[in-house]
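So the structure is just underneath, and the comments pick up after that.
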Amino acid sequence: MAIVLYVGGSKDGDKGVVPLGFSKSQADTAQGPEIYTERFMELQGIGRVRVMALESLRDEAVRQRTAQHYR
């Protein structure tokens, strides 16, 4: 198990537990399913982080949103 930060969608900013080896998860919302994918990225001043981000978000958008949660 690993604790990861969710970025984007209805779970933005939530921290959750994701079993090791899982690279996707899904949240069912009133607006429909949200698919989150695992991403590893380097954040300046923080280092390498593991996040679960909406599949439709581009890497730069994920990087910016993730950095906001670490400030």
Problem set entry | Enumeration of residues in the range 34-54 that are within 9 Å of the chain's Cα centre (by Cα) and not hydrophobic (A, V, I, L, M, F, W, C) | 36, 37, 38, 39, 50
Problem set entry | Within the range 18-45, tally of residues that are modelled with pLDDT of 90 or more and of a type in the set (A, V, I, L, M, F, W, C) | 6
Seminar exercise, completed: Checking 25, 56 in turn, the sole residue that is assigned to a loop (DSSP other than H, G, I, E, B) and among the small types (Gly, Ala, Ser) turns out to be 56
Problem set entry | Residue in the range 4-18 that is assigned to a helix (DSSP H, G or I) and among the basic types (Lys, Arg) present | yes
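The values are calculated or read from the model by the stated rules, or taken from the named source; none is laboratory data. Bear in mind that the values here come from a model prediction, so they are computed numbers and not experimental data.
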